[in-house]
1. If you check A:Ser35, A:Ser62, which single one turns out to be assigned by TED's automatic domain parsing to the domain that holds A:Ala148, closer than 26 Å to A:Gly113 by Cβ and not charged (D, E, K, R)?
2. Return the only residue of C:Phe235, C:Phe219 being closer than 24 Å to C:Ala175 by Cα, of a type in the set (Phe, Trp, Tyr) and in a helix (DSSP H, G or I).
3. Limited to region C:256-286, what total is found for residues that are within 14 Å of chain A (Cβ to nearest Cβ), hydroxyl-bearing (Ser, Thr, Tyr) and in a loop (DSSP other than H, G, I, E, B)?
4. Looking at the structure I just gave you, is A:Glu153 under 15 Å from the mean Cα position of the chain (by Cα), within 14 Å of another protein chain (Cβ to nearest Cβ) and not in a strand (DSSP E or B)?
5. Return the residues of region C:102-121 that are facing chain A (nearest Cβ under 9 Å) and either in contact with a strand residue (DSSP E or B) (Cβ under 6 Å, 6 or more places away or on another chain) or farther than 18 Å from A:Leu79 by Cα (or both); say none if nothing qualifies.
6. Please work out which one of (1) without any contact (Cβ under 8 Å) to a residue 24 or more places away in the chain; (2) buried (at least 23 other Cβ atoms within 10 Å of the Cβ); (3) not charged (D, E, K, R) is the condition B:Gly15 fails and give its number.
7. So, in region A:270-301, exactly how many residues are surrounded by 24 or more Cβ atoms within 10 Å (Cβ to Cβ), out of contact with any Gly (no Cβ under 6 Å at 6 or more places or on another chain) and either assigned by TED's automatic domain parsing to the domain that holds A:Gln100 or among the β-branched types (Val, Ile, Thr) (or both)?
8. Would you please name the residue that is farthest from C:Ala86 (Cα to Cα), looking only at residues in region A:215-243 that are assigned to a loop (DSSP other than H, G, I, E, B) and more than 7 Å from chain C (Cβ to nearest Cβ)?
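The values are calculated or read from the model by the stated rules, or taken from the named source; none is laboratory data. Quick caveat, the model's predicted, so the values are computed rather than measured. Glycine gets a Cβ as well: all are built from the backbone with ideal geometry, and neighbour counts include every protein chain shown.
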Amino acid sequence: MAGNYACAEGAIAAGCRFYAGYPITPSSEIAEHMSRRLPQVGGHYVQMEDEIGSIAAILGASNAGMKVMTATSGPGFSLMMENIGLGVITETPCVVVDVQRGGPSTGLPTLVGQADMMQVRWGSHGDYEVIAFAPNSVQEMFDLTVKAFNMAEKFRTPVFVMADQIIAHMTDRLVIPPPEDIEVVQRKKAMKQGPSFLPFDFSQDFPPMAIAGEGHHVNVDSLTHDERGYPSAKHDVSERMLEHLIGKIRNNLETIVQVEHYLTDDAKVVVIAYGSTSRSALHAVKEARRAGMKVGLLRLITPWPFPVREVERIGAKAKAVVVPEINYGQIEHPVREHVDCRVIGIHHAAGSLVPPDKIYAALEKL
Amino acid sequence: MIRREIRLQGLGGQGIITAGHLIGEAVSLHDRKEAVMTEDYSPYITGGWSRADIVISDEKIDYPLVSRPDILVAMSQDGFDDNWEATAPDSTVIVEAGLVNTNAVKDRKIFAVPALSIAEELGKKVVANIVVLGFLTATSRVASREAMEAAIVTRYPKAAELNRQAFDRGYALSPKEAP
Amino acid sequence: MTEVELVHGVEISVKHPRDELLRADRLPHIWCPGCGLGIVTKCLVEAIRRSDVPLDRHVVVSGIGCTSRLPGYLNLDTYHTTHGRAIPFATGLKIANPDLEVTVVAGDGDLFNIGGNHLIHAIRRNVDLNVFCVNNFNYGMTGGQFGATTPIGARTATTPYGNFEAPFNLPYIVAAAGAPFVARWTTLHVRQLLRVMRRAFQIQGLAFVEIISPCPPTFGELNNFEDGYAMMEYFRNYSRVDDHAELSTIGLSMKPPDPVVVGNFVDTRKPTYHELERELIERARN
């Protein structure tokens with residue numbers, strides 16, 4: 001099964017019953033598969049007029065109590081940015097899949113890129129934190145999509161699956177476990193409560209969510225708001241709200257951050273990679289080990305929040321780290337922020353996977 | 001680790017992508033080894049080029065793309081011209097006899113298979129890819145015969161008999177099957 | 001009635017019939033003296049109170065702008081979203097839960113400038129929304145710049161020499177896009193507004209109501225309406241009720257003696273998105 005189908009099946013297994021999207025290469029198979037599968041399970045597939053409408057529609061549907069998703073690629077992802085901020089400030093769970101292609105602009109629609117990694121972190125205006133997964137296999141397109149839903153529902157925030165064209169279009173064996181073996185987090189919904197009910201209780205990381213039509217009479221606001229959901233221009237309210245929005249992620253890094261180590265224990269040089277590039281990196285590292293080099297691989301399964309502790313640990317032991325990516329140094333940037341050793345970025349233009357030789361050559365020189 | 005890279009390239013409509021899927025399914029679902037496939041095609045549905053790349057291995061596959069095909073199947077002249085230089089001298093190169101001229105290349109082991117004319121004899125041109133799969137299975141052992149047959153039958157239960165004939169004809173052509 | 005216990009942190013008397021529908025602790029509102037939005041609020045509250053749909057199922061969605069502040073004063077499930085995106089947000093809410101009675105209240109800028117594409121597509125899909133568009137002929141909240149409804153020749157903060165861009169004729173566009181219900185009234189027509197809002201709740205499909213409203217400090221002042229009252233007087237003297245008006249002819253110049261043609265122009269029935277989707281799901285499941 002191809003990666004995009006695995007992603008769609010993962011969404012359905014996670015309980016997604018509402019998809020709104022706009023077709024765009026190389027993500028369209030997700031929409032196509034959802035349009036066939038969702039009605040079979042009583043769900044809704046809505047093809048919107050553009051990506052702005054798509055993200056707005058999933059936020060609306062999420063507020064009606066559904067698990068929701070959209071999928072897109074670079075240009076559509078850019079269009080979604082403003083309303084990703086709406087999802088953040090209104091604490092609305094949703095999953096956004098970005099199948100990265102070459103950019104900027106229309107770029108290389110059918111070819112791979114990894115250059116939306118900073119946009120996903122900082123693309124919407126204002127201060128916020130994000131959770132983003134970077135799958136590197138067809139199986140992870142399924143598994144991490146399920147996980148993205150679980151995180152979105154628990155943290156009440158948009159969660160991203162930062163896939164790429166290679167993984168999305170690659171065919172591989174996919175094992176879909178029986179439903180009882182898939183961990184699925186259900187949203188904590190607010191029970192009907194009295195006048196003391198605070199729909200945006202900033203004192204809790206994860207306050208239960210008030211769903212439309214369930215009698216809460218909640219005001220959900222894109223303006224800076226207080227615990228009642230009422231808009232406020234007071235500085236202390238702004239501070240409380242932002243501390244909450246940012247804190248609910250920063251206070252829970254150990255339950256979010258996920259990395260994979262390959263022979264990093266004794267490694268003098270560590271490659272730090274994510275997504276499809278991590279497969280080139282693994283190939284190069286294995287070859288270098290065979291040639292006797294003490295090298296390892298740290299794979300960032302969650303590029304965001306950035307795995308600070310794990311990267312710092314690597315940086316304290318290794319004499320150099322190598323960061324290959326299909327962009328001009330986006331994740332290299334936070335790596336540099338958190339290590340004192342030498343950092344070599346392998347910058348690869350959009351359009352093809354970083355060849356293992358290119359990474360091997362860099363390892364050989366160190 | 002035995003990693004093998006297979007590239008199939010031909011024209012849209014020849015069933016190149018399908019053949020790639022069948023190899024992948026035989027290896028992955030029936031032989032229970034590892035296989036990943038990537039595909040590429042020109043924007044035209046019929047008549048343009050079409051390519052399926054499969055990597056197979058006994059263990060988990062890291063780099064998923066084909067860089068030096070151990071097996072090249074070229075069902076069109078372009079498919080041969082574009083790719084033969086990427087193969088190694090000991091790679092297996094299979095070409096469609098009716099469409100590909102390989103005279104210019106001397107230092108490769110090339111098998112010319114008349115898959116299209118066999119398919120026409122069988123009454124359906126679309127089974128040329130199955131003829132090739134038969135030949136490929138016998139010649140290269142990328143997948144077991146049982147696995148490949150199971151993959152084909154699972155995908156096309158209604159055309160089982162025709163596909164079996166096509167597969168057998170291709171299989172029998174292989175020099176490795178010669179008595 | 002249980003609604004009283006849902007009012008956030010404030011004791012509210014249940015005796016006043018409309019208080020339970022307002023977030024009294026958020027008043028006074030932000031609108032300018034002479035603005036029509038108070039009248040629109042009163043009509044909407046009254047229409048909701050008298051509707052057959054229980055309060056808990058009423059949801060009001062807005063975008064950004066003066067009008068879009070309205071839902072925040074209503075003690076219902078209310079969603080103040082981003083500029084221009086009230087319609088797709090409401091589309092998601094309604095498709096996800098068709099039992100909700102979803103109303104969008106937004107301004108002309110929100111619905112026809114930045115969000116114009118969403119509106120015509122919601123109409124094309126016939127999503128069962130009530131869309132109440134308060135048209136004040138300019139962007140009020142940002143200081144009175146011209147927009148898609150500003151009449152030719154009108155002065156605004158960004159048309160100091162007069163506007164030369166042709167304005168949209170809202171009922172004409174919306175009817176052309178296929179809305180099953182289209183009406184236009186002014187904030188002078190309080191009884192008609194109340195009636196048309198109640199009718200909109202009953203409509204199966206997208207019901208569109210343009211509500212012409214004064215914006216005294218910006219559009220009004222620069223275009224010969226010295227205050228809200230002056231514009232209401234224009235509505236009184238020059239409104240012409242014509243349910244059968246030829247819609248292509250009812251564009252607005254906002255200059256006496258040109259009329260403001262009002263009425264319930266279109267009232268038809270066609271299948272809604274939700275009805276058609278339900279059929280599709282039935283087919284897919286069998």
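1. One residue alone meets the criteria, A:Ser35.
2. The unique qualifying residue is C:Phe235.
3. Here the count works out to 1.
4. In short, no.
5. Correct list: C:Val102, C:Ile120.
6. (1)
7. Of the residues in region A:270-301, 5 are surrounded by 24 or more Cβ atoms within 10 Å (Cβ to Cβ), out of contact with any Gly (no Cβ under 6 Å at 6 or more places or on another chain) and either assigned by TED's automatic domain parsing to the domain that holds A:Gln100 or among the β-branched types (Val, Ile, Thr) (or both).
8. My answer is A:Lys234.
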